[in-house]
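**Q** Questions regarding the structure given below will be posed in turn.
The values are calculated or read from the model by the stated rules, or taken from the named source; none is laboratory data. Computed from a prediction, not measured in an experiment: that's the story for all the values here. Reconstructed Cβ throughout: ideal geometry from the backbone, glycine too, with neighbour counts over all protein chains shown. Just so you know, the surface numbers come from the protein's heavy atoms only, side chains and all, with ligands and any DNA or RNA stripped out. Shrake-Rupley method; radii C 1.70, N 1.55, O 1.52, S 1.80 Å.
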Amino acid sequence: MLSTLFYPSYILIAFVVVYLTIPPKDLKKYFIYGMLLGGVGDVVVVGLFQNVLHIIWFKNTGIFNFLGENLLSPPSWMLTVMIFLRFLPLRKLFQYAYVLGFAVFSVGYGYLVHNVGLFDFKPWYYPFFAYLTFLIWWSTITWVFVKTSSLMTNHI
């Protein structure tokens with residue numbers, strides 16, 4: 001029962017954070033970045049790491065199973081990326097620390113989802129190689145956002 005409610009609970013909490021912290025006038029822009037870099041990014045990364053490399057896999061997905069992936073994982077990542085980008089520091093030095101910290105957070109989240117029984121991985125992959133994967137992902141998200149978004153000049 002706990003595992004079934006995990007993703008819906010996370011999505012609800014993340015949605016509330018998004019609603020409370022992102023100004024309505026900017027919501028559409030953050031949503032686009034969240035969808036492309038978080039939601040689609042999750043589908044691509046999971047597709048590669050689960051279906052091609054067989055390093056990670058979802059389990060106990062129940063009613064949320066879609067092609068072997070948890071249907072609620074992409075919206076979770078979408079909202080997480082929106083929150084990440086909303087609080088992305090303007091100064092480059094702080095961006096580095098922020099990305100390093102979010103990569104640690106992501107590894108911790110992976111362990112949490114693993115402990116709830118929804119996700120598994122090859123023992124050698126966590127934590128080191130998972131950290132590198134998340135570090136590359138968050139660095140890419142940051143780079144794309146900094147290079148393409150007008151929100152970088154007027155957020156926070």
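**Q** Whether any residue in segment 74-93 is more than 17 Å from residue 141 (Cβ to Cβ) and part of a helix (DSSP H, G or I) is what I want to check.
**A** Yes, segment 74-93 contains a residue that is more than 17 Å from residue 141 (Cβ to Cβ) and part of a helix (DSSP H, G or I).
**Q** Here's something else I'd like to know. Which of (1) surrounded by 15 or more Cβ atoms within 10 Å (Cβ to Cβ); (2) outside any helix (DSSP H, G or I) is the odd one out, the single condition residue 124 does not satisfy?
**A** Of (1) surrounded by 15 or more Cβ atoms within 10 Å (Cβ to Cβ); (2) outside any helix (DSSP H, G or I), only one is false for residue 124: (1).
**Q** Follow-up. Would you mind stating whether residue 81 is within 22 Å of residue 146 (Cα to Cα) and open to solvent by 30 Å² or more (accessible area, probe 1.4 Å)?
**A** Working: within 22 Å of residue 146 (Cα to Cα): yes; open to solvent by 30 Å² or more (accessible area, probe 1.4 Å): no.
Spelling it out, it is not the case that residue 81 is within 22 Å of residue 146 (Cα to Cα) and open to solvent by 30 Å² or more (accessible area, probe 1.4 Å).
**Q** I'd like to check something: does segment 101-120 contain any residue that is touching a residue at least 24 places away in the same chain (Cβ under 8 Å), of a type in the set (A, V, I, L, M, F, W, C) and not in a helix (DSSP H, G or I)?
**A** Within segment 101-120, one or more residues are touching a residue at least 24 places away in the same chain (Cβ under 8 Å), of a type in the set (A, V, I, L, M, F, W, C) and not in a helix (DSSP H, G or I).
**Q** Let me ask something else about it. Looking at this structure, is residue 136 open to solvent by less than 30 Å² (accessible area, probe 1.4 Å), part of a helix (DSSP H, G or I) and either farther than 26 Å from residue 25 by Cβ or among the hydrophobic types (A, V, I, L, M, F, W, C) (or both)?
**A** Against the criterion (open to solvent by less than 30 Å² (accessible area, probe 1.4 Å), part of a helix (DSSP H, G or I) and either farther than 26 Å from residue 25 by Cβ or among the hydrophobic types (A, V, I, L, M, F, W, C) (or both)), residue 136 does not qualify.
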